[in-house]
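What follows is one structure encoded as structure tokens, with my remarks underneath.
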Amino acid sequence: MGRARRWLVAGLVTVVVTVGVPAVWAHGSSHGRIGGPEDVPPAPVALVLGAGVREDGRPTRLLAGRLDVAARLYLSGRVDVLLLSGSTGPDGYDEPGTMRAYLARLGVSERDMVLDPGGLSTWDSCVRASDVFGVSEVVVVSQFFHLPRAVALCRAAGIDAWGAGHDSARDNPAGTRAGRLRETLANGSSMLRGVLRKAPSVTEAPEGWESGLRAAAGTGRPER
């Protein structure tokens, strides 16, 4: 019994350290900074995080939800520029390009969208927004289940970050459950990246990004 109790205590401590502490960090750092697109304060830039592209080139349901929220932020005048952060790959896989095409159909001007193909993870998207693109204030756009970690990571990267969320629980319950589980498992490694301020996997800036973000930063906001 003594050995069994020691194993039980060790297991509980492991769970607390690997799951509990990172969850407290994520939710504590983002507390009071997450709401719907009408609830967040205005900001020059919205950071829209990628969430997969289907084989036919359409955004996944989670990504489409994020893009709908981003369009509402932009069209309501709450943000000036959308920084579309995701990954690219073989066979034409292109998250940022797909995001731009979808948003353009919703009425977002292409000159007010900046593409970041180096957003290989949530941390990479946040730290690149700060270090590569020079963003200091942002509204992060994602699902509500993802935003505590996303906002916490952007704040760890030195950005004054708020989160505008898409509620996927009703129209995509399976994806939402999977996302919540993923967040539980991802908080620990994300916290370490933020605390250690790990360099992003891609450090180069894409060509032609300067005009839109510089305008949003105050050197002449883009006219619509």
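The values are calculated or read from the model by the stated rules, or taken from the named source; none is laboratory data. Small disclaimer: the values here were computed from a predicted structure and weren't measured. Glycine also receives a Cβ, built like all others from the backbone with ideal geometry; neighbour counts cover every protein chain displayed. Heads up: the accessible areas ignore ligands, DNA and RNA and are worked out on the full protein's heavy atoms, side chains in. Shrake-Rupley method; radii C 1.70, N 1.55, O 1.52, S 1.80 Å.
What the phi angles of segment 80-89 give under the Karplus curve with 6.51, -1.76 and 1.60, with θ = phi - 60°, is a coupling list of 9, 9, 9, 9, 9, 10, x, 10, 10, x Hz, glycine and proline written as x. By the equivalent-ellipsoid construction on the alpha carbon gyration tensor, segment 26-81 comes out with semi-axes of 23, 16, 9 Å, ordered largest to smallest. Here the Karplus relation 6.51 cos²θ - 1.76 cosθ + 1.60, evaluated at θ = phi - 60°, turns the backbone of segment 168-180 into coupling constants of 8, 5, 7, 8, 8, x, 5, x, 5, 4, 5, x, 5 Hz, with x for every Gly and Pro. For residue 165, the residues 5 or more places off, or on other chains, whose built amide H falls under 5 Å of its own are 35, 36. What separates the Cα centres of segment 124-152 and segment 42-108 is a distance of 14 Å. For segment 37-150, the share of accessible area belonging to carbon and sulfur comes to 47 percent (1.4 Å probe, ligands and nucleic acids excluded).
If we sort 144-153, 59-68 on the protection proxy, mean other Cβ atoms within 10 Å, highest first, what's the order?
Per-residue mean Cβ counts within 10 Å order the peptides as 144-153, 59-68.
Less than 5 angstrom separates the built amide H of residue 135 from those of 130, all sequence-distant by 5 or more or on a different chain.
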